[in-house]
Amino acid sequence: KELYGILVSLTGGEARGILKSMVDRDDDLKIGLKSSAILFGDLDKFIIGILQLGFISSLLLVWKTANLHWPFLSGILIAVMILSYQQILIKERRRDRCLKAFLINHWLGLILFLSIVLDLFFYTEGVT
């Protein structure tokens, strides 16, 4: 079970990191930094998508192995919508839209946190 939590953190964290580096790409090129967006080049959006799929897959593994219920699954479905919106925002790699995609990550965290709280509230037997 712990491994699934680590996978959630790694995939979600790295996707956020690449989103942030997409915002800073022009500045990083000027000063010679090798950010992940520069490293991945034209594959940056694809890599983010793969990491986001890994993030959702890891959340589903947590849902299944921790015996969580519909509130957490609802949170995962909302997370899919947020991540899909991020993909739309970064489509053209415009700095302002990449920043917006990066900044909506706090909503993703809030939704998942609340879905766990609701799950534990409605199903008092707790997580196993």
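Data overview
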| quantity | calculated |
| --- | --- |
| Qualifying helices (runs of 4 or more DSSP H) (wholly inside segment 46-128; at least 3 residues being in contact (Cβ under 8 Å) with a residue 60 or more places away in the chain and open to solvent by 20 Å² or more (accessible area, probe 1.4 Å)) | 95-103 |
| Test: residue in segment 67-85 that is over 23 Å from Y4 (Cβ atoms), out of contact with any Cys (no Cβ under 8 Å at 6 or more places or on another chain) and modelled with pLDDT of 95 or more | yes |
| Top-ranked residue in segment 23-45 [being in a loop (DSSP other than H, G, I, E, B) and surrounded by 16 or more Cβ atoms within 10 Å (Cβ to Cβ); ranked as modelled with the lowest pLDDT] | S35 |
| Single unsatisfied condition, K20 versus (1) part of a helix (DSSP H, G or I); (2) basic (K, R); (3) surrounded by fewer than 14 Cβ atoms within 10 Å (Cβ to Cβ) | (3) |
| Subset of segment 11-37 (residues that are touching a residue at least 40 places away in the same chain (Cβ under 8 Å) and under 11 Å from the mean Cα position of the chain (by Cα)) | T11, G12, A15, R16, L19 |
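The values are calculated or read from the model by the stated rules, or taken from the named source; none is laboratory data. Note that the structure is predicted; figures quoted are calculated from it, not measured. When we count neighbours, we look across all protein chains shown, and the Cβ atoms used for this are built from the backbone with ideal geometry, even at glycine. The area values use the complete protein model at the heavy-atom level, side chains included, leaving out ligands, DNA and RNA. Shrake-Rupley method; radii C 1.70, N 1.55, O 1.52, S 1.80 Å.
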